[in-house]
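Accompanying notes for the structure given below.
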Amino acid sequence: DGGITQSPKYLFRKEGQNVTLSCEQNLNHDAMYWYRQDPGQGLRLIYYSQIVNDFQKGDIAEGYSVSREKKESFPLTVTSAQKNPTAFYLCASSISGSLADTQYFGPGTRLTVL
Amino acid sequence: AQKVTQAQTEISVVEKEDVTLDCVYETRDTTYYLFWYKQPPSGELVFLIRRNSFDEQNEISGRYSWNFQKSTSSFNFTITASQVVDSAVYFCALSRYGQNFVFGPGTRLSVLP
């Protein structure tokens, strides 16, 4: 089955620790995205990548880092510099990242920082 | 700047009622796309529809229908004969050049049996 997987579904970390969220897709999509969702709010774009080895900051990139070494993988690291990391993180992908492309989402990772 | 507004934070209806979710957008682009997504309690966003700025035809898919009106910058979503399984948060989104999607804050729909 083609789709997007995110692991783990729930993640707990102590304050001050970096943590990496996994996102893998087997849809052969060029573009991938990371969003953050806080309770009662819409999604905000953290980073996106339209091609391997290239990525761009979104609206709220501070305190986060990404890499795109492989087409199918786009891991997100939440660093200790992120002031309020507890949130629901959603990964998405689209065919090419063009204006018309539909984005398809993974199941999400709920991160709680204790 | 681009913006999407969903003024209804929460809506509750009784099963079999019709319900309309409002979406109003702002953009200076002449070419853009609008989307609706459903987020059930499991959390994953499910794509429902995409509409481009040059196509104002209404669309119907089963119990779902969408009304796009450029004159009022609105892209409203109607569920006919609602069911309990329709309970979810619904997001409207606008695509934008160079920076991808802008999402509205979402409308939480509760369909009561």
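Chain B contacts chain A over a buried accessible area of about 1800 Å², both sides summed; the probe is 1.4 Å and only protein chains count. Taking all protein chains into account, the per residue accessible area for the protein assembly as shown stands at 49 Å² (1.4 Å probe). Legend: calculated FRET efficiency, B:E15 to B:N67, from the Cβ-Cβ distance at R0 = 25 Å, rounded to 0.05, equals 0.65.
Within the same chain, lysines fewer than 8 places from B:K16 are excluded, and of the rest, those with a Cα less than 27 Å from its Cα are B:K38. Computed extension gain for A:N53 through A:N18, at 0.36 nm per residue and net of the alpha carbon distance, reaches 10.4 nm. For chain A, the relative contact order works out to 35 percent when only alpha carbon pairs closer than 8 Å and six or more residues apart are counted.
If exposed means no more than 14 neighbouring beta carbons inside 10 Å and the site is in a DSSP loop, what's the longest run of chain B without any exposed GluC sites (Glu not before Pro)? Excluding the exposed sites themselves, the longest stretch runs over B:57-113. Compute accessible area for the stretch B:72-105 by itself and then with all protein chains, 1.4 Å probe, and report residues whose area falls by 10 Å² or more. By number: B:F91, B:S95, B:R96, B:Y97, B:G98, B:Q99, B:N100, B:F101, B:F103, B:P105.
Counting Cβ atoms of other protein chains within 10 Å of each residue's Cβ and taking the mean over peptide A:57-64 gives 1.
For the stretch B:1-106, trypsin sites (Lys or Arg not before Pro) meeting the loop criterion (DSSP other than H, G, I, E, B) and having at most 13 other Cβ atoms within 10 Å: B:K16, B:R28, B:R63. The mean number of partner chain beta-carbon atoms within 10 angstrom of a residue's beta-carbon across peptide A:37-44 is 5.
Element breakdown for the stretch B:19-72 at a 1.4 angstrom probe: carbon and sulfur atoms account for 45% of the accessible area. Computed from the C-beta positions of A:Q41 and B:A1, the FRET efficiency with R₀ = 22 Å rounds to 0.80. Protection proxy ranking of A:10-22, B:74-86, by the mean of other Cβ atoms within 10 Å over each peptide's residues and highest first, is B:74-86, A:10-22. For chain A, the tally of Lys pairs with Cα-Cα distances below 26 Å comes to 9, considering only residues 8 or more apart or on different chains. Expressed as a whole percent, the accessible surface of chain A that belongs to carbon and sulfur atoms is 48, based on a 1.4 Å probe.
The values are calculated or read from the model by the stated rules, or taken from the named source; none is laboratory data. Computed from a prediction, not measured in an experiment: that's the story for all the values here. Counting neighbours? That spans all protein chains shown, and the Cβs are built from the backbone with ideal geometry, glycine included. Protein only, heavy atoms only, side chains kept; ligands, DNA and RNA dropped before computing areas. Shrake-Rupley method; radii C 1.70, N 1.55, O 1.52, S 1.80 Å.
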